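Read through the structure below, which is laid out as structure tokens, and then see the notes.
The values are calculated or read from the model by the stated rules, or taken from the named source; none is laboratory data. Note that this is a predicted model, so its numbers are computed, not measured. In this analysis, Cβ positions are derived from the backbone assuming ideal geometry, glycine residues included, and neighbour counts consider all displayed protein chains.
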Amino acid sequence: MSGLRGKTVYLKTPHQNDVSGYIRHLWSDEETMRDVGGTHVMDDERALRWFTAWIEPGNDDRRYFLVVRKEDDVPVGEACFRSYVKNTGIATYGMKVEAKHRGNGYAREALELLLRFYFGTFGGQTMVDDIALENIRAQKMFIKFGFEHDPSVGKIMTSMGGDNVFWVRLNKGKFTQLYGL
Ligand SMILES: CC(C)(COP(=O)(O)OP(=O)(O)OC[C@H]1O[C@@H](n2cnc3c(N)ncnc32)[C@H](O)[C@@H]1OP(=O)(O)O)[C@@H](O)C(=O)NCCC(=O)NCCS
């Protein structure tokens, strides 16, 4: 794997028309959004606000990418991180693979690509994620990937899921050991 391109998917920064196109489609798909609290409806005004906050000009504490299948350039989901704090070097991960594209290994590959960027280029030290307690599929995926279940993260990330979620964490050292940088 090199840069933001893997074997079957690559990560792409969205254009403004992707927001009203693919991203709106992804967030309004009931099956895709079931494990993350339900659909998210975005009118044109919210789409513009989102694009300004995340992409152009964006914000130093976050990055967002579409996960695109290499074979035919079809987007299959999204991968991002947010709430990066320079002092601690910690950010929170987020991702969705569209329900109809699940089980093909896209999430695992996109996670590796995003973390390679985060640890190798962006300068992050630790990635955490707050996964819903009932979202067993995602919990298993992160643990299998190399993340550790660490409830103590909830104590420092109180503005997020707090204690009521399954916190996982992975630091740069362990990622490098497992996957190289
Ligand atoms: C979690 C999610 C991203 C996985 O996407 P995916 O593309 O299907 O995942 P992959 O195909 O890369 O599989 C990764 C692992 O997920 C698990 N998994 C995948 N499909 C599964 C299924 N149908 N049933 C149970 N577990 C499954 C497996 O552990 C798999 O690893 P393995 O095949 O090597 O054993 C996807 O289900 C999703 O978008 N869920 C809603 C959003 C979410 O939960 N995000 C994570 C929290 S930020």
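Miscellaneous remarks
- For Thr32, the conditions (1) over 26 Å from Gln139 (Cβ atoms); (2) of a type in the set (S, T, N, Q); (3) not in a loop (DSSP other than H, G, I, E, B) are fulfilled apart from (1).
- Residues of segment 123-134 that turn out to be under 15 Å from the mean Cα position of the chain (by Cα) and within 13 Å of the ligand (Cβ to nearest atom), as a count: 6
Let's see how each residue does on (1) in contact with a Leu (Cβ under 8 Å, 6 or more places away or on another chain); (2) among the small types (Gly, Ala, Ser); (3) within 16 Å of the ligand (Cβ to nearest atom):
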{"site": "Ile136", "(1), (2), (3)": "no, no, yes"}
{"site": "Lys140", "(1), (2), (3)": "no, no, yes"}
{"site": "Glu148", "(1), (2), (3)": "yes, no, yes"}
{"site": "Ile156", "(1), (2), (3)": "no, no, no"}
{"site": "Val168", "(1), (2), (3)": "no, no, yes"}
{"site": "Lys174", "(1), (2), (3)": "no, no, no"}
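The rows are residues; the columns are (1) under 18 Å from the mean Cα position of the chain (by Cα); (2) surrounded by fewer than 14 Cβ atoms within 10 Å (Cβ to Cβ); (3) assigned to a strand (DSSP E or B); (4) at pLDDT 95 or above.
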residue	(1), (2), (3), (4)
Arg137	yes, yes, no, no
Met141	yes, no, no, yes
Lys155	no, yes, no, no
Met160	yes, no, no, no
Asp163	no, yes, no, no
Val168	yes, no, yes, yes
Leu178	no, yes, no, yes
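- Residue within segment 110-122 that is crowded, with 18+ Cβ neighbours inside 10 Å, within 11 Å of the ligand (Cβ to nearest atom) and at pLDDT below 95 present: no
To keep it simple, each residue is scored yes or no on (1) in contact with a His (Cβ under 6 Å, 6 or more places away or on another chain); (2) under 16 Å from Gly77 (Cα atoms); (3) of a type in the set (Ser, Thr, Tyr).
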{"residue": "Leu4", "(1), (2), (3)": "no, yes, no"}
{"residue": "Thr8", "(1), (2), (3)": "no, yes, yes"}
{"residue": "His15", "(1), (2), (3)": "no, yes, no"}
{"residue": "Asp18", "(1), (2), (3)": "no, yes, no"}
{"residue": "Arg24", "(1), (2), (3)": "no, yes, no"}
{"residue": "Trp50", "(1), (2), (3)": "no, no, no"}
{"residue": "Ala53", "(1), (2), (3)": "no, no, no"}
{"residue": "Gly58", "(1), (2), (3)": "no, no, no"}
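- Residue among Val9, Val36 that is touching a strand residue (DSSP E or B) at 6+ places or on another chain (Cβ under 8 Å), at pLDDT below 95 and either of a type in the set (D, E, K, R) or surrounded by 13 or more Cβ atoms within 10 Å (Cβ to Cβ) (or both): Val36
- Only one entry of Asn59, Asn87, Asn104 meets the criterion of being touching a residue at least 12 places away in the same chain (Cβ under 8 Å), assigned to a loop (DSSP other than H, G, I, E, B), surrounded by fewer than 22 Cβ atoms within 10 Å (Cβ to Cβ) and on the phi < 0 side of the Ramachandran plot, and that entry is Asn104.
- Residue in segment 91-100 that is hydrophobic (A, V, I, L, M, F, W, C), surrounded by fewer than 20 Cβ atoms within 10 Å (Cβ to Cβ) and not in a helix (DSSP H, G or I) present: no
- Among the numbered conditions (1) touching a Leu at 6+ places or on another chain (Cβ under 9 Å); (2) over 18 Å from Pro14 (Cβ atoms), the only one that Gly103 does not meet is (1).
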